[in-house]
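Student: Attaching a single structure in structure tokens format; questions to follow.
The values are calculated or read from the model by the stated rules, or taken from the named source; none is laboratory data. Because the structure is a prediction, the values reported are computed rather than measured. Cβ placement follows ideal geometry from the backbone for every residue including glycine, while neighbour counts extend to all protein chains displayed. Accessible surface areas use protein heavy atoms only, side chains included; no ligands, DNA or RNA. Shrake-Rupley method; radii C 1.70, N 1.55, O 1.52, S 1.80 Å.
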Amino acid sequence: MADEIHTTRDPDGTTHTTTVIDREPRRGGGMGYGLIFLVAILVAAFFAFQFLANDKAQSGAVTEAAQKVGDAAQDVGDAAQKAVE
């Protein structure tokens with residue numbers, strides 16, 4: 001870090017002093033943004049997996065219901081066949 005002091009003198013005798021302070025640039029701002037981004041990704045993944053699990057459960061329930069309807073239809077067909085005999 002180097003500080004510079006510049007003094008200028010006008011012809012009428014007044015002086016103006018300018019001080020330039022050279023500081024190191026701040027670091028670590030990207031770390032905060034990265035952490036926020038990571039948390040957002042984790043939250044989005046959680047909700048996505050919840051949605052997919054719910055969709056899978058619904059698909060399983062529909063498949064099971066269709067299987068039961070098919071089994072019931074088979075039973076009705078078997079009963080009709082026995083009634084004919």
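Student: Just the residues that are in a strand (DSSP E or B), open to solvent by less than 100 Å² (accessible area, probe 1.4 Å) and of a type in the set (D, E, K, R), please, taken from the stretch 1-16.
Tutor: Taking the stretch 1-16 as the starting set, the residues that turn out to be in a strand (DSSP E or B) are 3-9, 15-16.
Subsequent filtering for residues that are open to solvent by less than 100 Å² (accessible area, probe 1.4 Å) retains 4, 6-8, 15-16.
The answer is Glu4, and nothing else.
Student: Also, quick follow-up: Scan the stretch 65-85 for residues that are acidic (Asp, Glu), under 47 Å from the mean Cα position of the chain (by Cα) and open to solvent by 100 Å² or more (accessible area, probe 1.4 Å) and jot them down.
Tutor: Hits for the stretch 65-85: nothing passes.
Student: Can you tell me which residue in the stretch 17-53 is most open to solvent (accessible area, probe 1.4 Å), limited to those that are of a type outside the set (S, T, N, Q) and within 30 Å of Thr7 (Cβ to Cβ)?
Tutor: Among them, the one singled out is Arg26.
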